[in-house]
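The values are calculated or read from the model by the stated rules, or taken from the named source; none is laboratory data. The structure displayed is predicted, hence computed values, not measured ones. Counting neighbours? That spans all protein chains shown, and the Cβs are built from the backbone with ideal geometry, glycine included. Ligands, DNA and RNA are excluded from the accessible area calculation, which covers all protein heavy atoms including side chains. Shrake-Rupley method; radii C 1.70, N 1.55, O 1.52, S 1.80 Å.
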Amino acid sequence: HVIYSGVDTDIYHPRLKALYREAVRDRLGIPRDATLFLFVGSGFSRKGVPALLRAMATLPASAHVLLVGRDKHLERYRTEAAALNLAQRAHFVGAQQDVAPFYGAADALVLPTLYDPFPNVALEAMAAGLPVITSLKSGAAELVEEGVNGYVCDALDVARLAALMAKLLLPAQREQMGAAARRTVE
């Protein structure tokens, strides 16, 4: 038997959007109508940030990415983002005590991890009503129904990752999948 981790569905709830979406975006200079992909994790290399940044570089200027977490090479990733012309669209906020406001600001979670047994961030995002894109090497992939509540792809397949992210540029698609993600966690 597999017993999955739990998540507090009262803390991580779709109402976070009403509470935090505008305030967080305004504070970080992210347009209110931009599609905002969220990454939460520490150890950026293992968690797939290089692939995420390369995928982001192929998306339209209306797409932004918010990276929450700690990494000892943070400046290297900022430099890489700038080299990919993402300086205005990749927002690094470092480690945070409370990540709930960032789920409220986001439209989807992207975690193309090279390895993660079962990331709580995927559960938190789903509970907050966000579709999830993760990798085949993430334990959370077991909860993702392809095209229903998220997508799964190889962590190193940047073209596929970008294509899946592009599918979530459509608000109606995100909302439908986010509602399904919430139901999965409930």
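Number of residues in segment 105-156 that are among the β-branched types (Val, Ile, Thr) and open to solvent by less than 10 Å² (accessible area, probe 1.4 Å) equals 5.
Within segment 34-72, the set of residues being in a helix (DSSP H, G or I) and charged (D, E, K, R) comprises 46, 47, 54.
If we keep just the residues of segment 46-85 that are free of Cβ contacts under 8 Å to residues at least 12 places away in the same chain and among the basic types (Lys, Arg), which is nearest to residue 157 (Cα to Cα)? Looking at residues that are free of Cβ contacts under 8 Å to residues at least 12 places away in the same chain and among the basic types (Lys, Arg), I get 76.
For the structure I just gave you, tell me whether residue 160 is over 22 Å from residue 23 (Cβ atoms), surrounded by fewer than 24 Cβ atoms within 10 Å (Cβ to Cβ), at pLDDT 95 or above and not aliphatic (A, V, I, L, M). Spelling it out, residue 160 is indeed over 22 Å from residue 23 (Cβ atoms), surrounded by fewer than 24 Cβ atoms within 10 Å (Cβ to Cβ), at pLDDT 95 or above and not aliphatic (A, V, I, L, M). For segment 62-103, the set of residues classified as loosely packed, with under 13 Cβ neighbours inside 10 Å and on the phi < 0 side of the Ramachandran plot consists of 62, 70, 72, 75, 79, 82, 83, 87, 88, 95, 97, 98, listed by residue number. Selection of segment 22-45 for residues being under 20 Å from residue 168 (Cα atoms) and open to solvent by less than 50 Å² (accessible area, probe 1.4 Å) yields 25, 30, 34, 35, 36, 37, 38, 39, 40.
Scanning segment 137-155 for residues that are outside any strand (DSSP E or B) and of a type in the set (Asp, Glu) gives 142, 145, 154.
Annotation note: Cβ proximity below 6 Å between a residue of segment 9-31 that is in contact (Cβ under 8 Å) with a residue 12 or more places away in the chain and a residue that is in a loop (DSSP other than H, G, I, E, B) and among the aliphatic types (A, V, I, L, M) (sequence gap 6+ or interchain) occurs for 12/128; 16/128.
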